[in-house]
Amino acid sequence: RSLFPVLLIVLVFRSFLFEPFKIPSGSMIPTLLVGDFIVVNKFAYGIRLPVWNKKVIDLGLPERGDVVVFRFPEDPAVNFIKRAIGLPGDTVTYRDKELFVNGERVEATSAGRFDSNDIKCTTPAADAKLLDEQLGEKNHKILLHDRSRSRNGQWVVPEGHYFMMGDNRDRSNDGREWGFVPEE
């Protein structure tokens, strides 16, 4: 009986408030490193019923530049973490390692070279360039690799969906490969 209140608190805390995640891959380097632990605010965009994943209280929507943990559209049992680049109705273009949102180039300025000696991952190569990217109101760092080919394309984000990309742009399995993330 004394264990029940503790289990109830943990269940409520993890289902509605916060959930820990461990970063499994290098797709978000330099923002998040392999093995980093993060705590996700589960009510940032609304309160959802566990198991059914039905939103019962709407508290907002993802904004451009937010880092979001979501269920991988091709396998909902897998959690992915990426940056929200395109919002519903946006046109996202990636051409020659430059990002455009609704026809406007997203500013990215050199922040030097990335030193991968400090991380436990071979994802960033020796030619990795570190850049500061200004995505809407949010400024963050991204990585580009000189020897990697640019995955060019243009995507129009459908209503109720988002376009996600990793900060390690040339080494990220993201929306350029599998499309859009539904709002739910």
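Could you work out the relative contact order of the chain? I mean the mean sequence separation of Cα pairs under 8 Å and 6+ apart, divided by the number of residues, in percent.
Numbers: 377 pairs, mean separation 39.4, N = 184.
Over the chain, the number comes to 21 percent.
Of F80, F4, F163, which has the most accessible area and how do the rest follow, probe 1.4 Å?
Details: F80 35, F4 135, F163 0 Å².
Order by accessible area, largest first: F4, F80, F163.
Considering the options F114, G136, Y94, tell which one lies farthest towards the positive end of the dipole of region 61-180, charges being +1 on Lys and Arg and -1 on Asp and Glu at the Cβ, about the Cα centre.
F114
Hey, rough spin-label estimate for E107 and D132, points 7 angstrom out along Cα→Cβ, what's it come to in nanometres?
About 0.9 nm separates the two model spin labels.
Where Lys and Arg each count +1 and Asp and Glu each count -1, what net charge lies around V56 among other residues with Cβ under 14 Å from its Cβ? Please report the intermediate quantities before stating the final value.
Working: positive: K42, R48, K54, K55; negative: D58, E184.
Surrounding charge for V56 is +2.
Using helices alone, what [θ] at 222 nm do you get for the chain, with -39,500 (n - 2.57) per DSSP H run of 4 or more residues, divided over all residues and rounded to the nearest 500? All intermediate terms of the calculation are to be shown ahead of the outcome.
Details: 2 runs with 14 residues, N = 184.
The helix-only estimate for the chain comes to -2000 deg cm²/dmol at 222 nm.
How big is the chain by the Kirkwood estimate over distinct Cα pairs, in Å?
On the way: mean 1/r = 0.0566 Å⁻¹.
Averaging 1/r across every pair of different Cα atoms and inverting gives 17.7 Å.
Using the crude model of +1 on Lys and Arg Cβ and -1 on Asp and Glu Cβ, and no other charge, please compute the dipole size for the chain relative to its Cα centre, in debye to 20.
Numbers: 25 positive and 26 negative charges, 111 e Å.
In total the dipole reaches around 540 debye.
Kindly write out, for region 137-150 in residue order, the coupling ³J(HN,Hα) from the Karplus curve 6.51 cos²θ - 1.76 cosθ + 1.60 (θ = phi - 60°), rounded to whole Hz, with x marking Gly and Pro.
Rounded to whole hertz, the list is 8, 9, 10, 8, 9, 10, 10, 10, 10, 4, 8, 8, 6, 7.
Total Lys pairs in region 51-184 closer than 19 Å by alpha-carbon, pairs eight or more apart in sequence or interchain only?
8
Please give, to one decimal in nm, the separation of the simple spin-label points placed at L61 and R149, each 7 Å out from Cα toward the Cβ.
3.5
Using Cα-Cα distances under 8 Å and only pairs 6 or more residues apart, what relative contact order does region 1-108 have, in percent?
Details: 139 pairs, mean separation 15.3, N = 108.
Rounded, it is 14 percent for region 1-108.
Could you work out the local net charge near N152, counting Lys and Arg as +1, Asp and Glu as -1, over the other residues with Cβ closer than 10 Å to its Cβ?
Net charge around N152: +3.
Mind ranking I47, I9 by accessible surface for me, highest first, 1.4 Å probe?
Numbers: I47 45, I9 115 Å².
From most exposed to least exposed: I9, I47.
Around T109, under 10 Å between beta carbons, what's the net of Lys plus Arg minus Asp minus Glu among the other residues?
On the way: positive: none; negative: E107, D132, E133.
Net charge in that neighbourhood comes out at -3.
Probe radius 1.4 Å, ligands and nucleic acids left out: which of R169, R176 has the largest accessible area, and how do the rest follow?
On the way: R169 0, R176 30 Å².
Of R169, R176, the descending order of accessible area is R176, R169.
Between the helical axis of 3-12 and the dominant principal axis of the chain, each derived from Cα atoms, what acute angle in degrees is found, rounded to the nearest 10?
Roughly 40 degrees, rounded to the nearest 10.
The values are calculated or read from the model by the stated rules, or taken from the named source; none is laboratory data. Computed from a prediction, not measured in an experiment: that's the story for all the values here. Cβ coordinates were reconstructed from backbone atoms using ideal geometry, including for glycine residues, and neighbour counts include every protein chain displayed. All accessible areas refer to the heavy atoms of the entire protein, side chains included, with ligands and DNA or RNA removed. Shrake-Rupley method; radii C 1.70, N 1.55, O 1.52, S 1.80 Å.
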